Amino acid sequence: MTMRQGLAGGLVLVLALMAPLAIQSDFWLGFLITILLFAAMGMAWNILGGYAGQFSFGHAAFFGTGAYATSVLHIALGLNPWLGLLVAAAAGGTMGLLIGYLSFRYGLRGSYFALITLAFAEVLRILANTAGFTGGGVGLYLPLNIGVANMQFAGKAGYYYVALGLALASILIAWRLERSRLGAWLAAIRENEDAARALGVDTFACKLAAIGISGAMTGVGGWFYAHYYLYIDPEIAYGPGVSVEILLVAIVGGLGTVLGPLLGSVALHAAGELAQRLMGDTPGLNLIFYGVLLVVMVRLMPDGLAGLVRRWMRPAGGTQRA
Amino acid sequence: MLDPVILLPAAINGLTMGAVYALVALGLTLIYGVLHIINFAHGSLLMVGLYGAFFLYQAGGIDPYLSLVLLVPALFGLGYILQWGVIGRASHGSDQNVLLVTLGVSIVIENLALYFFTGDTRTIEAPYAFEMVDIAVARVPLPRLVAFGAALAIAALLWLLMAKTDLGRAIRAVAKERQGARLVGIDVDHIFAMSFGIGTACVGAAAALLLPMFYVSPHVGHVFVLVAFTVVVLGGMGSFIGALLGGLIIGVTESLGGLIFGETFGQLAIFLIFIAILLFRPTGFFGGRPS
Amino acid sequence: MLEVNAVTKSFGGLAAVAAASLRVAEGGIVALIGPNGAGKTTLFAAISGFVAPDNGQILFNGAAITGLAPHLICRRGIVRTFQIVQPFGGLTVRENIVVGAHLRHAGRRKALMRAEEVARRVGLGELLDRPASALTVAGRKRLELARALATAPRLLLLDEVMAGLNPAEIDEIVRIIRDIRASGVTVFLIEHVMQAVVSLADYVYVLNQGEIIAQGSVSEIAAMPNVIEAYLGHGAAARMTTGAAGAVQ
């Protein structure tokens with residue numbers, strides 16, 4: 001990391017920490033919370049999709065599992081929400097290992113892997129709709145009980161700091177991963193799996209690690225969602241909407257980059273918000289925007305916003321991946 | 001409960017629904033077989049067809065079965081333009097990119113529908129919607145019977161098109177060996193767009209047959225898209241006969257599974273079949289090449 | 001060091017390798033030659049774990065490695081290169097080699113140091129920050145070699161590392177391979193470039209239609225003109241005896 005990057009990062013961090021002091025509007029704090037939450041989950045997707053090259057279309061499977069794990073245990077056994085974070089991470093991670101074990105053991109790659117993750121999320125959605133302990137289609141309401149110990153805050157600022165913590169933690173995880181043996185091996189798998197195997201890389205174990213970490217991080221996203229909105233249902237938790245939004249954030253931001261998902265989340269949600277401001281609050285409008293953005297990004301900027309930023313900062317070109 | 005008197009009608013109903021699944025899957029499998037891409041937007045194109053049929057009936061008083069004549073060419077054109085103008089250009093030849101681009105297209109189409117037509121579920125009331133026909137011990141609604149027959153007829157036409165015409169030969173040549181096809185002077189991009197167009201025309205036909213017995217809403221494609229994927233992998237990617245048989249099998253499984261174990265199980269069974277085939281037999285059961 | 005005992009591998013009824021047996025002694029350079037389609041690459045794939053033999057046994061330092069997964073075989077000290085080079089195109093030369101170096105070094109700093117050291121050994125020291133996709137054919141072959149060396153192997157399987165190179169580049173690779181052997185790594189190579197086989201190999205196996213049809217030192221093989229003429233083309237024997245430059249085919 002260069003001096004300039006360090007300074008810029010520090011400045012952004014200070015601004016981020018002070019944001020709730022300057023922003024009094026609940027709406028805009030809520031907007032920032034959404035950005036941070038999806039940045040964190042986009043980062044999780046990026047570990048599997050960007051670094052390891054395995055595109056998931058069903059990250060809702062991890063999001064929903066984390067959300068339901070903490071909610072069900074909180075309602076039934078009074079599990080403390082802060083402990084719920086660990087439970088959600090474990091539940092999301094386990095779901096990741098389960099789906100990963102089945103998919104990778106049987107050698108699914110590319111589009112097939114994408115489709116099977118989608119199918120797993122759909123299976124979970126149907127099960128959550130039917131099972132009794134998930135509240136079925138009605139969903140689950142978490143009891144209102146304001147108090148920091150209970151992770152319920154009177155205003156949005158408290159939630160904002162939790163979301164900021166999640167986003168920072170994800171950035172840290174991605175940054176560490178990029179500089180680790182696992183990171184090098186995942187990149188090798190993405191680029192050429194056979195060559196990686198020839199060089200002694202246990203590709204199955206590495207992919208499993210990637211989906212486990214990704215699942216755990218996304219499960220934590222579900223944990224935050226449940227305790228923030230105090231309500232989940234099968235469509236929110238396991239529906240395709242969340243899978244697609246997570247994927248979009250990572251793709252728009254830039255695959256396999258540390259800051260890409262954060263940039264992607266900012267751009268995506270700002271664009272969606274702008275569309276609604278300009279053209280009225282109609283359902284689906286922001287999604288039209290998202291869809292167009294996805295096609296345009298794949299067409300014109302396959303290395304995402306992070307690639308664009310990198311080209312600005314080093315106009316001489318250089319050695320980045322295409 | 002497992003009396004044949006109940007089972008048989010359920011099976012026949014399943015067969016009729018399966019024929020529509022087969023029709024949707026035929027388009028998908030054609031696109032896969034030629035372009036080697038998985039078209040995620042297939043379900044939303046079906047939805048476009050359903051809205052087309054709906055408004056032709058509502059505003060123009062055109063019977064859904066008659067609207068077939070308009071919908072098939074219209075959706076063919078839409079598919080051709082989509083592949084030629086958007087999907088082919090944006091995907092840079094990577095199959096994960098194709099998946100992303102077609103996902104983007106489906107998001108756009110669905111939410112345009114949501115924007116213009118709202119999320120309301122709409123149905124038409126065709127005069128023959130509730131007419132029943134007796135077959136053996138079963139009473140089958142007429143629209144289902146029509147759909148069944150028409151789906152089989154369209155599958156036969158598609159087969160003829162592929163087997164007997166110059167276009168079919170060119171498509172098969174491109175599917176097999178696109179470099180070679182290019183060398184002998186076939187315009188590969190045109191053939192890709194034609195194949196995509198024909199695949200989309202299939203959902204146009206499916207839409208016209210489906211509307212009298214189903215509904216339309218912006219998200220109606222979801223119901224079909226994963227089912228169609230299941231049918232396609234069950235039948236073997238790119239196999240016509242596989243798609244046809246696969247569609248019928250899935251239709252019956254859903255119907256009987258739903259009857260015996262409850263409706264949720266019917267849906268669940270489809271996804272579980274899908275997962276199991278992808279894991280254990282990704283080439284499907286009726287030929288097709290390994291991925 | 002390496003012992004291949006009656007290994008057989010068929011694809012769809014056709015035997016690519018039929019009861020082939022051979023030995024590679026520690027510290028040597030052994031060559032495997034034969035016409036295209038003789039099964040050489042399949043035999044390498046079997047040794048390195050990419051295909052499981054239908055029959056037969058492969059021993060490395062006395063222990064059976066038959067049918068082990070490639071990464072486990074690599075961990076034991078056998079590494080292969082690919083005939084068609086398989087660079088990690090989106091990564092830099094340095095990042096490519098680091099992948100191999102990480103096999104023995106979990107820490108990033110050590111792995112980076114090891115990668116640079118290996119890069120210099122094969123003459124890629126100046127190109128460390130280039131994208132692998134920007135390398136020339138010769139550069140890619142060297143990268144393939146460097147990545148393999150970075151795993152600190154005991155036995156190096158080289159699958160036609162000289163194909164497509166010009167004579168000066170071949171001389172350079174020959175020098176590098178000698179250097180590798182001098183550092184204590186045993187080399188087993190598939191090669192069509194006879195000049196290289198002659199100047200490198202202590203011992204040669206000839207594979208044809210999946211069977212080992214001849215073996216011996218370079219001069220012994222050269223003394224079997226009928227075998228050589230039949231399988232390596234007209235004039236090959238003469239070239240081997242004189243050690244003249246030029247590749248078969």
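A short reminder: the numbers here are calculations on the coordinates, not readings from a lab. Note that this is a predicted model, so its numbers are computed, not measured. Cβ coordinates were reconstructed from backbone atoms using ideal geometry, including for glycine residues, and neighbour counts include every protein chain displayed.
Among A:Cys206, C:Cys74, B:Cys202, a tally of other beta-carbon atoms within 10 Å of each Cβ gives an order, fewest to most, of A:Cys206, C:Cys74, B:Cys202. Counting charges near B:Val216 (Lys, Arg +1; Asp, Glu -1) among other residues having Cβ under 14 Å from its Cβ returns a value of -2. Candidate cross-link partners of C:Lys9 among the lysines, defined by an alpha-carbon separation under 16 Å and a same-chain spacing of 8 or more, comprise C:Lys40. Computed over the alpha carbons of the protein assembly as shown, Rg followed by Dmax gives 30.5, 94 Å.
Among A:Leu11, A:Leu255, B:Leu256, the ranking by other beta carbons within 10 Å of each residue's beta carbon, starting with the fewest, stands as A:Leu11, B:Leu256, A:Leu255. Normalised by 2.2 N^0.38 Å, with N the number of residues, the alpha-carbon radius of gyration of chain A equals 0.98. Taken along the Cα-to-beta-carbon direction at a fixed 7 Å, the label points for C:Asp129 and B:Glu263 span 6.4 nm.
Return the tail of the calculated pair distribution for the range C:104-173, meaning the percent of Cα-Cα pairs more than 17 Å apart. Here the tail beyond 17 Å accounts for 45 percent of pairs. Counting Cβ atoms of other protein chains within 10 Å of each residue's Cβ and taking the mean over peptide B:114-122 gives 2. Based on DSSP H segments of at least four residues, each scored -39500 (n - 2.57), chain C has a per-residue ellipticity at 222 nm of -11000 deg cm²/dmol. What you get for chain B, charging only the Cβ of Lys and Arg (+1) and of Asp and Glu (-1), is a dipole of about 800 debye around the Cα centre. Rounded to the nearest 0.05, what FRET efficiency do A:Asp26 and A:Asn80 have when you use their Cβ-Cβ distance and R0 = 25 Å? That gives a FRET efficiency of 0.45. For chain C, modelled as a GNM whose springs connect Cα atoms under 10 angstrom apart, the maximal fluctuation among C:Ala63, C:Ala148, C:Ala201 occurs at C:Ala63.
For chain C, with a Gaussian network of springs between Cα atoms less than 10 Å apart, report the residue from C:Arg140, C:Arg175, C:Arg108 with the top mean-square fluctuation. Among C:Arg140, C:Arg175, C:Arg108, the largest GNM mean-square fluctuation belongs to C:Arg108. Per-residue 3J(HN,Hα) values for the range A:274-290, derived from phi via the Karplus relation 6.51 cos²θ - 1.76 cosθ + 1.60 with θ = phi - 60°, read 4, 4, 6, 5, 6, 10, x, 7, 10, x, x, 4, 5, 5, 4, 4, 4 Hz in sequence order (x marks Gly and Pro). Largest mean-square fluctuation among B:Met17, B:Met47, B:Met213, in a Gaussian network model of chain B whose springs join Cα atoms under 10 Å apart, belongs to B:Met213. Cross-link reach is defined here as a Cα-Cα straight distance under 19 Å, omitting same-chain residues fewer than 8 places apart; for B:Lys176 the lysines meeting it are B:Lys164.
Taking Cα atoms only, the orientation of helix B:263-280 departs from the longest principal axis of chain B by about 30 degrees. Sorted ascending by nearby beta carbons within 10 Å, beginning with the fewest, A:Trp45, A:Trp312, A:Trp175 become A:Trp312, A:Trp175, A:Trp45. Across the range B:201-213, computed HN-Hα scalar couplings (Karplus, 6.51 cos²θ - 1.76 cosθ + 1.60, θ = phi - 60°) run 4, 4, 6, x, 5, 4, 4, 4, 6, 7, 4, x, 10 Hz from first to last residue, x flagging Gly and Pro. Taking only the Cα atoms of the range A:176-276, the ratio Rg/Rh comes out at 1.05, with Rh defined as the Kirkwood radius. Histogrammed with a bin width of 5 Å, the alpha carbon distances of the range B:14-115 distribute as 3, 11, 19, 23, 20, 13, 7, 3, 1 percent, first bin at zero. Dividing the convex hull volume of the alpha-carbon atoms in the range A:1-156 by its residue count gives 158 Å³ per residue.
By the rule of a C-alpha distance below 16 Å, with chain neighbours fewer than 8 residues away ignored, the aspartates and glutamates paired with A:Lys207 are A:Glu178, A:Glu191, A:Glu193, A:Asp194. Seen against the Cα atoms of chain C and their longest principal axis, helix C:167-182 is set at about 80 degrees. Taking only the alpha carbons of chain C, we obtain Rg and Dmax values of 17.7, 55 Å in that order. Mind putting a number on the dipole of the range A:25-239 about its Cα centre? Charges go on the C-beta only, +1 for Lys and Arg and -1 for Asp and Glu, and I need it in Debye to the nearest 20. Using only the charged Cβ atoms, the result is roughly 340 debye. Residue separation of B:Ala129 and B:Ala59 scaled by 0.36 nm, minus their Cα-Cα distance, works out to 23.3 nm of gained length.
Hey, how many Å between the Cα centroid of the range A:164-226 and the Cα centroid of the range C:56-115? Taking the Cα centre of the range C:56-115 as reference, the centre of the range A:164-226 is 20 Å away. Near the amide H of B:Ala138, within less than 5 Å, lie no amide hydrogens of residues on another chain or at least 5 residues away, with H placed in the peptide plane.
Dipole magnitude for the protein assembly as shown: computed about the Cα centre from +1 point charges on Lys and Arg Cβ and -1 point charges on Asp and Glu Cβ, it is near 2060 debye. For the range A:175-271, applying the loop criterion from DSSP together with a ceiling of 15 other beta carbons within 10 Å to the trypsin sites (Lys or Arg not before Pro) yields A:Arg179. Convex hull volume per residue, computed on the Cα atoms of chain B, equals 130 Å³.
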